[in-house]
Structure formats: structure tokens, C-alpha cells
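Take a look at the structure below.
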Amino acid sequence: MKRAVVLLSGGIDSTTCLAIAQDLEFECFALSINYEQRHSSELNFATRIGKEFAVIEHKIININMSEIGGSALTDMSIKVPEQQSSTIPVTYVPARNTIFLSLALGYAETITAQDIFIGVNAVDYSGYPDCRPKFIKSFETMANLATKQTITGDKIKINAPLLNLTKAQIITTGNKLGIDYSNTVSCYKAAANGAACGVCDSCRIRSRGFAVSGVVDPTIYRI
């Protein structure tokens with residue numbers, strides 16, 4: 001079987017990516033990143049999802065992006081906004097997807113995998129620059145210039161199957177693949193048990209996605 005590294009955050013998009021990769025008959029190796037984000041519940045959910053999907057291996061790598069800061073998700077002095085922003089919001093984490101994909105690329109080389117899956121989306125999202133098709137394509141080009149296995153002829157492919165889907169379409173796709181979305185967390189301010197605030201940008205996008213898709217929203221809200 002083909003091998004793939006799947007970046008797994010514990011949210012709707014990465015879980016759907018994992019289900020898609022397995023449906024495409026990849027042997028899946030999950031990778032989650034503890035980057036000293038505002039809450040750790042997403043890592044607990046990612047661990048649960050990895051077990052549910054019986055991935056071959058699930059790595060959790062620790063890096064400290066709070067030392068860089070610059071985001072409401074890594075700097076506790078910056079408040080998570082409750083109003084939708086007309087510009088790139090303060091929940092954007094500088095270079096996060098570049099760093100995550102770089103770690104996934106290194107992991108892929110060590111297990112001789114030629115495919116990496118990432119759940120970025122450029123339709124229903126917060127406007128982050130590292131979720132755009134141009135970024136994904138550019139990273140793939142770089143990966144095929146910078147790695148030993150690509151020099152020997154094994155090309156790397158960055159798979160972003162959700163890139164051009166709405167959140168409702170993503171949920172519909174995952175529902176057809178049998179995903180239990182109660183095991184996912186999206187909230188930027190989630191409680192330890194995953195209970196969501198219901199007012200942050202990520203909560204609004206998630207809630208609207210379930211409403212439009214017609215799939216019952218299993219999210220537990222604190223309010």
C-alpha cells in the first residue's frame with residue numbers, strides 16, 4: 001500500500017482528510033503538532049481520532065511557537081476576537097502551515113512516503129495566507145527540490161483535497177465516509193473537554209457548515 005503522512009489537528013478538516021486518505025487506500029501515519037497553542041484539547045481529540053481510525057503511527061511533535069508569538073493562539077495576552085474580521089485576524093499563526101508541512105515532509109522522508117495530506121481550505125476559512133492554493137503548490141515545488149528522495153526520483157505530492165470545498169461540503173463528504181464529528185474540536189478557546197465558546201470565528205464557520213449541510217451539529221457549546 002501507498003504511505004501518506006496526514007497532518008491531524010483534531011478538527012473537522014484534518015479528520016476528513018484522514019478519512020479521505022484511508023478511503024484512497026493509503027497507509028496513514030498521523031502527525032500532530034503541540035506548538036504551545038492556547039488549549040491542548042485539540043491534541044487529546046487528535047489522539048482519540050488516530051486511535052479510532054487505527055492509523056499505523058501517530059506522532060505528536062513538540063515545538064514552542066509561543067516564543068515567537070504574534071497570534072492570539074500562541075500569545076495569551078492577545079484576546080481571541082468574537083467579531084468577524086475584515087482583514088487577516090489575530091488568530092493567524094505566523095508561518096504555521098509552512099512549519100507543519102516542513103515537519104510532515106521530514107517525517108515522510110523517514111518512512112518513505114510520497115504523499116502528505118493537509119486539511120487547508122480556501123473557501124470557508126478565516127483568510128489565512130497559508131491556506132491558499134498558490135501556497136500549497138509552491139510548497140510542493142520546494143519539497144521536490146529540497147529532499148533526498150525526490151533527487152532519486154520519488155516525487156512528493158501535497159494533497160489538499162478540501163481546498164476548494166465549502167465547510168458544508170466538507171461535512172457532507174465526511175458524513176458519507178462515516179465520520180463521527182462529535183470527536184472533533186474546532187474552537188479557538190475550547191475547554192479541556194472540547195466544549196466550544198460558540199462565538200469565535202472558527203465556531204461560527206463550523207456551526208454554519210453543519211446548518212447548511214443538514215448534518216446534525218454534535219458540538220457541545222459552553223453557552
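The values are calculated or read from the model by the stated rules, or taken from the named source; none is laboratory data. Source: prediction; values computed, not measured. Here the Cβ is made from the backbone with ideal geometry for all residues, glycine too, and neighbour counts use every protein chain on show.
Structure notes:
Okay, residues lined up against (1) in contact with a His (Cβ under 6 Å, 6 or more places away or on another chain); (2) more than 27 Å from GLU36 (Cα to Cα); (3) of a type outside the set (A, V, I, L, M, F, W, C):
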{"position": "ASP130", "(1), (2), (3)": "no, no, yes"}
{"position": "LEU165", "(1), (2), (3)": "no, yes, no"}
{"position": "LYS176", "(1), (2), (3)": "no, yes, yes"}
{"position": "ASP180", "(1), (2), (3)": "no, no, yes"}
{"position": "VAL185", "(1), (2), (3)": "no, no, no"}
{"position": "ASN193", "(1), (2), (3)": "no, no, yes"}
{"position": "GLY198", "(1), (2), (3)": "no, no, yes"}
{"position": "ARG204", "(1), (2), (3)": "no, no, yes"}
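- The number of residues in the range 103-135 being part of a helix (DSSP H, G or I), farther than 25 Å from CYS203 by Cβ and under 14 Å from the mean Cα position of the chain (by Cα) comes to 2.
- Members of the range 67-99 found to be of a type outside the set (D, E, K, R) and over 21 Å from ASP201 (Cα atoms), listed by number: ILE68, THR98, ILE99
- For ALA146, the requirement of being of a type in the set (Gly, Ala, Ser), over 30 Å from MET76 (Cβ atoms), in contact with a helix residue (DSSP H, G or I) (Cβ under 9 Å, 6 or more places away or on another chain) and surrounded by 18 or more Cβ atoms within 10 Å (Cβ to Cβ) is not met.
- Condition check for THR141 on (1) closer than 20 Å to SER9 by Cβ; (2) modelled with pLDDT of 90 or more; (3) β-branched (Val, Ile, Thr): one failure, at (1).
- Those residues of the range 53-66 which are under 13 Å from GLN37 (Cβ atoms) and of a type outside the set (A, V, I, L, M), in sequence order: ASN62, ASN64, SER66
- Residue within the range 83-102 that is in contact with a Ser or Thr (Cβ under 6 Å, 6 or more places away or on another chain), assigned to a helix (DSSP H, G or I) and either surrounded by 14 or more Cβ atoms within 10 Å (Cβ to Cβ) or in contact (Cβ under 8 Å) with a residue 60 or more places away in the chain (or both) present: no
- ILE171 being in a strand (DSSP E or B) and under 15 Å from the mean Cα position of the chain (by Cα): no
- Test for THR173: is it over 21 Å from PRO94 (Cβ atoms), surrounded by fewer than 18 Cβ atoms within 10 Å (Cβ to Cβ) and either touching a Ser or Thr at 6+ places or on another chain (Cβ under 6 Å) or not small (Gly, Ala, Ser) (or both): no
Every residue, every condition in (1) modelled with pLDDT of 95 or more; (2) of a type outside the set (Phe, Trp, Tyr); (3) within 28 Å of GLY174 (Cβ to Cβ), yes or no:
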{"residue": "LEU103", "(1), (2), (3)": "yes, yes, yes"}
{"residue": "ALA113", "(1), (2), (3)": "yes, yes, yes"}
{"residue": "TYR125", "(1), (2), (3)": "no, no, yes"}
{"residue": "ILE136", "(1), (2), (3)": "yes, yes, yes"}
{"residue": "THR147", "(1), (2), (3)": "no, yes, no"}
{"residue": "THR150", "(1), (2), (3)": "no, yes, no"}
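- Filter result for VAL185 (within 21 Å of VAL80 (Cα to Cα) and of a type in the set (Val, Ile, Thr)): yes
- Cβ separations smaller than 6 Å between residues 6+ apart or across chains give the following pairs from the range 150-167 residues that are in contact (Cβ under 8 Å) with a residue 40 or more places away in the chain and within 13 Å of ARG132 (Cα to Cα) to residues that are of a type in the set (A, V, I, L, M, F, W, C) and assigned to a loop (DSSP other than H, G, I, E, B): ALA160/ILE118; ALA160/VAL120; LEU163/ALA122.
- If you check LYS79, LYS51 for being surrounded by fewer than 15 Cβ atoms within 10 Å (Cβ to Cβ), without any contact (Cβ under 8 Å) to a residue 40 or more places away in the chain and closer than 20 Å to CYS197 by Cα, only one passes: LYS79.
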